[in-house]
1. If you scan region A:125-137, which residues turn out to be of a type in the set (A, V, I, L, M) and either open to solvent by less than 10 Å² (accessible area, probe 1.4 Å) or in contact (Cβ under 8 Å) with a residue 40 or more places away in the chain (or both)?
2. Out of A:D69, A:D98, report the one residue that is under 25 Å from A:T120 (Cα atoms), in the same structural domain as A:N158 (by TED's automatic domain parsing), modelled with pLDDT under 95 and away from DNA strand D (no atom under 16 Å from the Cβ).
3. Select, from A:S91, A:S87, A:S42, the only residue that is free of Cβ contacts under 8 Å to residues at least 12 places away in the same chain and of a type in the set (S, T, N, Q).
4. Within region A:156-180, how many residues are under 16 Å from B:A182 (Cβ atoms), touching a Phe, Trp or Tyr at 6+ places or on another chain (Cβ under 7 Å) and open to solvent by 10 Å² or more (accessible area, probe 1.4 Å)?
5. In region A:98-124, which residues are over 16 Å from B:L104 (Cα atoms), open to solvent by 40 Å² or more (accessible area, probe 1.4 Å) and assigned to a loop (DSSP other than H, G, I, E, B)?
6. Can you confirm whether A:K30 is without any contact (Cβ under 8 Å) to a residue 24 or more places away in the chain, out of contact with any helix residue (DSSP H, G or I) (no Cβ under 8 Å at 6 or more places or on another chain) and within 14 Å of another protein chain (Cβ to nearest Cβ)?
7. I'm trying to understand the selection: among the residues of region B:159-184, which are facing chain A (nearest Cβ under 7 Å) and either out of contact with any helix residue (DSSP H, G or I) (no Cβ under 6 Å at 6 or more places or on another chain) or among the acidic types (D, E) (or both)?
8. State yes or no: is B:V86 within 13 Å of DNA strand D (Cβ to nearest atom), touching a helix residue (DSSP H, G or I) at 6+ places or on another chain (Cβ under 7 Å) and either over 30 Å from B:L186 (Cα atoms) or open to solvent by less than 80 Å² (accessible area, probe 1.4 Å) (or both)?
Number of protein chains: 2
Amino acid sequence: MAKTQGQKDRRAALISATQKAVIAHGADVKLTEIAKQAGLTSGAVLYHYPDVQSLILEANRAGTERFYDERMQMIAKIDDPAEKLVSTIRSGLPTDADDDAVRLFCELGGAARRHPIYGTLLTSLYDRQVAMYQVILETGAARGTFDLRQESLTIGRNLVALEDAYGYRMMAGHPTIDHEVACELLLDYARLATGHPLITKAALDEGTPTHD
Amino acid sequence: MAKTQGQKDRRAALISATQKAVIAHGADVKLTEIAKQAGLTSGAVLYHYPDVQSLILEANRAGTERFYDERMQMIAKIDDPAEKLVSTIRSGLPTDADDDAVRLFCELGGAARRHPIYGTLLTSLYDRQVAMYQVILETGAARGTFDLRQESLTIGRNLVALEDAYGYRMMAGHPTIDHEVACELLLDYARLATGHPLITKAALDEGTPTHD
DNA sequence: CAGAAATTTGAAGACTTCTTCAGTGACGAA
DNA sequence: TTCGTCACTGAAGAAGTCTTCAAATTTCTG
């Protein structure tokens, strides 16, 4: 579709196809798989991206950026710091073992030492997520919602670290750690660190009618 | 060396060489690299392990087992729960970005979805490490050393998760998170969860002579 | 030491992947 | 319509890998 809309569309479509291919076949995905995903031959892919590595890198970069952007959008709507913290924690954990974004991160993490650029990509994402948590924590502290028992940098770093680790555990198919269990593990730490009970929305929903 | 000691030695040497090769070239290491590391040709490797995949799997299995065994040995000598907890946390974090064991785990984690057996390997290791922490925590609680603010299962799961995540961050080359910083981040959580100040041995050594 | 068994080599075949490129078809401009 | 450009195909070459195997070498046994 969209045959005559210029290079930009085709390149965007190729990046999208490459993302799907990486998620399906790993960070060292073959050119053939990318071409198949895009509905083209390998020659056609090379026509647009003479260097396949740069295409894969661009796709992975776009994938990490998108994950961060979507998280920021999701929490932008929420004002209450406690509710914001809970929603942020929920949005950082994969929904299940098939979560595309977290799959991508695991692939990149495994390749990070051999391809240092992926390490840079993940480091940047990590630091920004820590800052995102710090803003929520400091705002809550300033408003008197939270009583921080540790520095916001410490709490932020640990929360993102826990997200990452439980993402890996879920990807590895841990039999008992699913989305809900991992959420509670993060929330238990957050409760300890913020001195706030952090009643989850799910818990609230249980005790109240669908619309009050 | 040791040319006449039979198959077992040769197979053990091959597993050792494969471990080095995996750490150097990733979970999908080539037969050629294994042979080079072992000082043999690819044909000779196949003579002992007709199926290369089974050799790599065996090497990776041995690598994770060894990591766990060494941790257990290291902490077995220590009696005081607080000191034991601090030492355990220290031993679970890579010393630097070149730490072989943690390199291996990152490689396996990246490949876990494509090779579910590696997911099983890592899951098994994770669960045993959690149990290891639980024993320390419960012992300390029973002795009155710790005042656990969360269930020992929660604390154990979160501590191992933090170890894993900071291992990944260090492998990815995070500019500010090194062994010491990561230790403090874990210790800060452990202090909160156990209600114990967990003075580190390093800190103690600073304030006391080498032999009292 | 001589023969048997175990071990290793080196090369060949089959396979996969990357990359190049001559040729094909579609589309727009003149 | 004709020409030229763009997008793409499909085949061929180059490089790397896995696997097999006959032959050579080393080690063991009597």
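The values are calculated or read from the model by the stated rules, or taken from the named source; none is laboratory data. The shown structure was predicted, so the numbers you read here are calculated from the model rather than taken from an experiment. Heads up, the Cβs are rebuilt from the backbone with ideal geometry, glycines too, and the neighbour counts pull from every protein chain shown. To get the accessible areas, we keep the full protein, side chains included, count just its heavy atoms, and leave off ligands, DNA and RNA. Shrake-Rupley method; radii C 1.70, N 1.55, O 1.52, S 1.80 Å.
1. Here is the first cut: in region A:125-137, the residues of a type in the set (A, V, I, L, M) are A:125, A:130-132, A:135-137.
Once the filter is applied, which keeps residues that are of a type in the set (A, V, I, L, M) and either open to solvent by less than 10 Å² (accessible area, probe 1.4 Å) or in contact (Cβ under 8 Å) with a residue 40 or more places away in the chain (or both), region A:125-137 yields A:L125, A:V130, A:M132, A:I136, A:L137.
2. A:D98 is the lone residue from the list that is under 25 Å from A:T120 (Cα atoms), in the same structural domain as A:N158 (by TED's automatic domain parsing), modelled with pLDDT under 95 and away from DNA strand D (no atom under 16 Å from the Cβ).
3. Details: A:S91 fails: free of Cβ contacts under 8 Å to residues at least 12 places away in the same chain; A:S87 fails: free of Cβ contacts under 8 Å to residues at least 12 places away in the same chain.
When all the criteria are applied, what remains is A:S42.
4. Summing the residues that are under 16 Å from B:A182 (Cβ atoms), touching a Phe, Trp or Tyr at 6+ places or on another chain (Cβ under 7 Å) and open to solvent by 10 Å² or more (accessible area, probe 1.4 Å) in region A:156-180 gives 1.
5. Hit for region A:98-124 is A:D98, nothing else.
6. Values: without any contact (Cβ under 8 Å) to a residue 24 or more places away in the chain: yes; out of contact with any helix residue (DSSP H, G or I) (no Cβ under 8 Å at 6 or more places or on another chain): yes; within 14 Å of another protein chain (Cβ to nearest Cβ): yes.
Against the criterion (without any contact (Cβ under 8 Å) to a residue 24 or more places away in the chain, out of contact with any helix residue (DSSP H, G or I) (no Cβ under 8 Å at 6 or more places or on another chain) and within 14 Å of another protein chain (Cβ to nearest Cβ)), A:K30 qualifies.
7. Residues of region B:159-184 facing chain A (nearest Cβ under 7 Å): B:161-162, B:164-166, B:168-169, B:171-174.
Of everything in region B:159-184, those that are facing chain A (nearest Cβ under 7 Å) and either out of contact with any helix residue (DSSP H, G or I) (no Cβ under 6 Å at 6 or more places or on another chain) or among the acidic types (D, E) (or both) turn out to be B:D164, B:R169.
8. Numbers: within 13 Å of DNA strand D (Cβ to nearest atom): no; touching a helix residue (DSSP H, G or I) at 6+ places or on another chain (Cβ under 7 Å): yes; either over 30 Å from B:L186 (Cα atoms) or open to solvent by less than 80 Å² (accessible area, probe 1.4 Å) (or both): yes.
Here the answer is no, as B:V86 does not meet what is asked.
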